[in-house]
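Enquirer: I have a structure I would like to understand better, so I am pasting it below and will then ask my questions one at a time.
The values are calculated or read from the model by the stated rules, or taken from the named source; none is laboratory data. Fair warning: this is a prediction, and the values are worked out from it, not measured in the lab. Virtual Cβ from ideal backbone geometry, glycine too; neighbours counted across all protein chains shown. All accessible areas refer to the heavy atoms of the entire protein, side chains included, with ligands and DNA or RNA removed. Shrake-Rupley method; radii C 1.70, N 1.55, O 1.52, S 1.80 Å.
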Amino acid sequence: MSHYRLPPGQTGLPVIGESLSFRFDPHFIEKRYQQYGPIFRTQIIGRPAVFMIGPEAVEFVLSSHMDHFSWREGWPDNFKLLLGESLFVQDGEEHRKNRRLIMPAMHGAALESYFGAMETLTQQYLQKWQQKGEFVWYEEFKQLTFDIASQLLLGTNTGLEAARLSQLFTALTNGLFTINPLPLPGTKLGKAIAARNQILQHLAQVVKERQQNPTKDALSLLVQARDEDGNKMSDRELVAQAMLLLFAGHETTTAMLTWLCLELALHPEVLQRARNEQFELAQQRFSIEQLGKMPYLDQVLAEVERLHPPVAGGFRGVIKPFEFHGYYVPAGWLVSYSIKLTHQLPEIYLEPQHFDPDRFSPQRQEHKQRSYSLIGFGGGSRICVGIAFAKMEMKVIAAHLLRNYQWKLLPHQNLEDTRFPTSRPKDGLRIQFQCIR
């Protein structure tokens with residue numbers, strides 16, 4: 001680090017820097033990437049920051065030099081305030097220990113045990129949608145994925161209580177990226193904190209119930225989990241992890257399912273190929289084993305992840321200075337790696353703006369030219385702990401949709417991408433829905 005040459009870029013206005021441009025300009029990162037390349041500096045959220053773009057940069061942050069970065073020091077204060085001290089913002093040995101405790105609840109035998117309830121809830125919603133005929137799909141997917149997360153991850157009954165909690169999570173999520181840092185009553189952040197308090201109160205009660213009467217949900221497995229020294233999570237830790245399970249267990253899946261159904265509606269040839277694959281499988285009873293026999297649906301979901309990652313990027317705090325491409329970044333700065341722009345680099349993906357599931361076919365496999373080219377679920381040792389749960393859920397829902405239902409986009413709606421807090425069509429995807437048969 002002999003040169004101490006800071007990355008190119010600009011810091012913007014005093015104090016707020018370029019926070020407003022970052023928040024409201026959907027092409028903020030793309031413009032600066034075109035001007036400066038894979039690393040540039042700015043100032044956002046009151047801190048000097050660098051953005052890093054491309055597989056090499058992402059691998060640097062998520063894997064090869066991850067000891068230079070901290071999750072806890074990277075994410076905005078609102079995340080820690082609203083989501084608590086969960087796995088999401090933990091570092092080092094604390095994170096490794098708690099991740100080991102959580103993993104069994106999200107994989108293997110536990111995952112298989114969730115399949116039946118996941119399918120039952122999906123079928124209930126499909127019947128409800130058929131009766132409704134017309135609705136906003138983003139809102140409906142959010143209710144479905146929240147019901148699935150509530151029942152399978154926390155063991156709580158669906159219905160009115162789940163609907164109330166889902167509304168509280170919407171208020172909480174709206175506070176994650178607020179510019180105004182003051183938690184005043186009536187502001188987005190003030191409402192988010194009030195919602196958080198009600199959610200925490202509910203989760204504390206659920207934790208007590210699971211301690212007294214464990215069931216087969218993920219939280220019960222966490223209550224009973226012990227590390228290699230025989231230690232268990234404290235009540236406070238269990239509540240924090242339950243908060244994360246609920247939040248991560250429905251927010252990003254909702255976004256991907258909404259984009260999946262929009263892209264299928266816009267590309268009838270892709271829809272028909274995906275249907276044909278499901279029609280062949282439908283000759284036998286739907287089972288968890290069938291989920292591994294859907295290669296084209298896998299390609300379609302990978303392309304949705306690439307083109308519409310639910311989260312546009314990730315944050316880290318720099319705890320050890322580093323050098324990348326000849327530029328020096330001091331400790332104390334913020335780093336953000338771009339998921340969305342990395343997924344759209346033409347040197348990796350042919351015609352990256354086009355929806356083309358065949359780019360993930362065995363013949364092309366564009367994402368395997370460079371590691372860390374497809375990172376919608378993160379990468380490295382901290383890849384999303386719920387990735388298998390999310391993929392199973394999306395395939396169960398998609399398989400039933402493709403086998404039995406059709407949908408049509410309603411006119412006069414805005415389908416542009418709204419990025420905050422997670423990616424979704426601006427008007428939520430208004431559709432007409434009916435049974436095929």
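Enquirer: Taking the Cα centre of segment 246-355 as the origin and placing charges on Cβ (Lys, Arg +1; Asp, Glu -1), which of 346, 312, 291 is farthest toward the positive end of the dipole?
Expert: Of the options given, the answer is 312.
Enquirer: So, in Å, what gap is there between the alpha-carbon centers of segment 143-209 and segment 47-124?
Expert: 19
Enquirer: Enter the mean projected area of the convex hull around the alpha-carbon atoms of the chain, in nm², rounded to one decimal.
Expert: Details: hull surface 88.4 nm².
The Cα convex hull of the chain, projected and averaged over all directions, gives 22.1 nm².
Enquirer: Could you please report the charge total around residue 172, scoring K, R as +1 and D, E as -1 over all other residues with beta-carbon less than 12 angstrom from its beta-carbon? Kindly include the intermediate steps, with their values, before the conclusion.
Expert: On the way: positive: 188, 191, 196; negative: 251.
Charge balance in the 12 Å sphere: +2.
Enquirer: Still on this model: Could you name the lysines in cross-link range of residue 97, using Cα to Cα under 18 Å and dropping any fewer than eight places away on the same chain?
Expert: 232
Enquirer: If amide hydrogens are placed 1.01 Å from N in the peptide plane, which non-local residues have theirs closer than 5 Å to the one on residue 217?
Expert: Under 5 Å from the amide H of residue 217: no residue qualifies.
Enquirer: A follow-up question, please. For segment 1-101, I need the span (max minus min coordinate) of the C-alpha atoms along each principal axis, in Å, sorted largest to smallest.
Expert: Reported extents, whole Å, longest axis first: 44, 33, 25.
Enquirer: Which Cα, out of 241, 212, 360, lies furthest along the positive dipole direction of the chain (beta carbon charges, K/R +1, D/E -1)?
Expert: 212
Enquirer: Now, a different point. Hey, got a sec? Which trypsin sites (Lys or Arg not before Pro) in segment 116-225 land in a DSSP loop and have at most 15 other Cβ atoms within 10 Å? Mind dumping the intermediate values first?
Expert: Working: sites: 128, 132, 142, 164, 188, 191, 196, 208, 210, 216; in loops: 216.
Passing sites in segment 116-225 are 216.
Enquirer: Given Cβ point charges of +1 (Lys, Arg) and -1 (Asp, Glu) and nothing else, what value in debye, to the nearest 20, does the dipole of segment 294-382 about its Cα centre take?
Expert: For segment 294-382, the charge dipole is close to 400 debye.
Enquirer: Just tell me which lysines come within less than 29 Å, Cα to Cα, of residue 293; anything on the same chain fewer than 8 places away is out.
Expert: 128, 142, 216, 340, 368, 391, 395, 408
Enquirer: Right, something else. Taking amide H positions as placed 1.01 Å from N in the peptide plane, with prolines and chain starts having none, which residues 5 or more places from residue 376, or on another chain, fall under 5 Å of its amide H?
Expert: none
Enquirer: Over the chain, give the accessible area per residue in Å² for a 1.4 Å probe, as an integer.
Expert: Result: 44 Å² per residue.
Enquirer: Further, regarding this structure: What are the DSSP H helices in the chain that stretch 30 Å or more along their long axis, judged by alpha-carbon atoms, and whose average Kyte-Doolittle hydropathy comes to at least -1.0? Please report the intermediate quantities before stating the final value.
Expert: On the way: long enough: 108-132 (36 Å, -0.69); 188-212 (36 Å, -0.51).
Span-like helices in the chain: 108-132, 188-212.
Enquirer: Given charges of +1 on the Cβ of Lys and Arg and -1 on the Cβ of Asp and Glu, with all other atoms neutral, how large is the dipole of segment 312-437 about its Cα centre, in debye to the nearest 20?
Expert: 440
Enquirer: Sort segment 1-54 into rounded, prolate or oblate with this rule: let a ≥ b ≥ c be the square roots of the eigenvalues of the Cα gyration tensor; rounded if a/c is under 1.5, and if a/c is not under 1.5, prolate when a/b is larger than b/c, oblate otherwise. Can you show the working numbers first?
Expert: Values: a/c = 2.42, a/b = 1.25, b/c = 1.93.
In terms of gyration-tensor shape, oblate.
Enquirer: From the C-alpha coordinates alone, can you work out the Kirkwood hydrodynamic radius of segment 92-154, in Å?
Expert: Numbers: mean 1/r = 0.0731 Å⁻¹.
Across segment 92-154, the inverse of the average 1/r is 13.7 Å.
Enquirer: Scan segment 250-340 for chymotrypsin sites (Phe, Trp or Tyr not before Pro) in coil per DSSP, keeping those whose Cβ has at most 12 other Cβ atoms within 10 Å, and list them by number.
Expert: Sparse-neighbourhood loop chymotrypsin sites (Phe, Trp or Tyr not before Pro): none present.
Enquirer: Classify segment 315-437 from the C-alpha gyration tensor, please: rounded if a/c falls under 1.5, else prolate or oblate depending on whether a/b exceeds b/c.
Expert: prolate
Enquirer: Scan the chain and report its longest stretch carrying no GluC sites (Glu not before Pro) that are both in a DSSP loop and have at most 11 other Cβ atoms within 10 Å.
Expert: The segment 1-227 is the longest one with no such site.
Enquirer: Under 13 Å from a point 7 Å along the Cα-to-Cβ line of residue 403: which residues of segment 266-297 have their amide N that close?
Expert: 275-294
Enquirer: What's the magnitude of the charge dipole for the chain around its Cα centre, counting Lys and Arg as +1 and Asp and Glu as -1 at the beta-carbon? Answer in Debye, nearest 20.
Expert: 500
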